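Take a look at the structure below.
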Amino acid sequence: MKKYLLVCVTFILSIFSTPVAGKIYESLIGRKITGSFLSIRHPEYFEGFFMSLVFFSTLFIIIFGSDKKYKSLGLFMFIIVLFQIGQWESIIIDIGMAVIAWLLAQIVLLVRKKTS
């Protein structure tokens, strides 16, 4: 039950933070349409969803994950890369978001370890 709740919270936070992540993507890359297979009006929101999904998934997998958290994180990142084949700048930004989330999760784990 805890895993399903965590997945739901991850998707809800990703959906609500998509416009913010889309604006970050637009400021970094610009408003160009990359090799996406969807013809959408705001491509930065499409990329922003993946950015926020990678960030929150990495954060929650590292903080709440079990012994196989890095294996599941690698599988998840592989699936995200499959969605973004041909969009190298998006893949690089997603890897950067995963590294930032990993560092933040390490800080949270360190604080939690010191307080308990």
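Just so it is clear, none of the values below were taken in a lab; they were calculated from the coordinates. Bear in mind that the values here come from a model prediction, so they are computed numbers and not experimental data. Cβ: placed from backbone, ideal geometry, glycine included. Neighbour counts: every protein chain shown.
Cut-off under 17 Å on the C-alpha distance; same-chain residues fewer than 8 positions from Lys114 excluded. Which lysines are left, in chain and number order? Once the sequence-local lysines are set aside, nothing remains near Lys114.
Assuming a viscosity of 1.306 mPa s and a temperature of 10 °C, what translational diffusion coefficient in µm² per second does Stokes-Einstein assign to the chain, Rh being the Kirkwood radius over Cα pairs? Walk me through the intermediate numbers first.
Numbers: Rh = 14.8 Å.
Roughly 107 µm²/s, to the nearest whole number.
Beyond 22 Å in Cα-Cα separation lie the following of the pairs Lys23/Lys71; Lys68/Lys113; Lys3/Lys69; Lys69/Lys113; Lys2/Lys68: Lys23/Lys71. Dipole magnitude for the chain: about 500 debye, using +1 per Lys or Arg Cβ and -1 per Asp or Glu Cβ, origin at the Cα centre. In a fully extended conformation the segment linking Lys69 and Thr115 would gain 14.3 nm over its present Cα-Cα distance, using 0.36 nm per residue.
In this simple spin-label model, placing a label point 7 Å from the Cα along the Cα-to-Cβ direction at both Ile85 and Leu5 gives a separation of 3.8 nm.
May I ask for the angle, rounded to the nearest 10°, between helix 43-64 and the longest principal axis of the chain, with both axes built from Cα atoms and the value confined to 0 to 90°? Once rounded, the angle reads 10 degrees.
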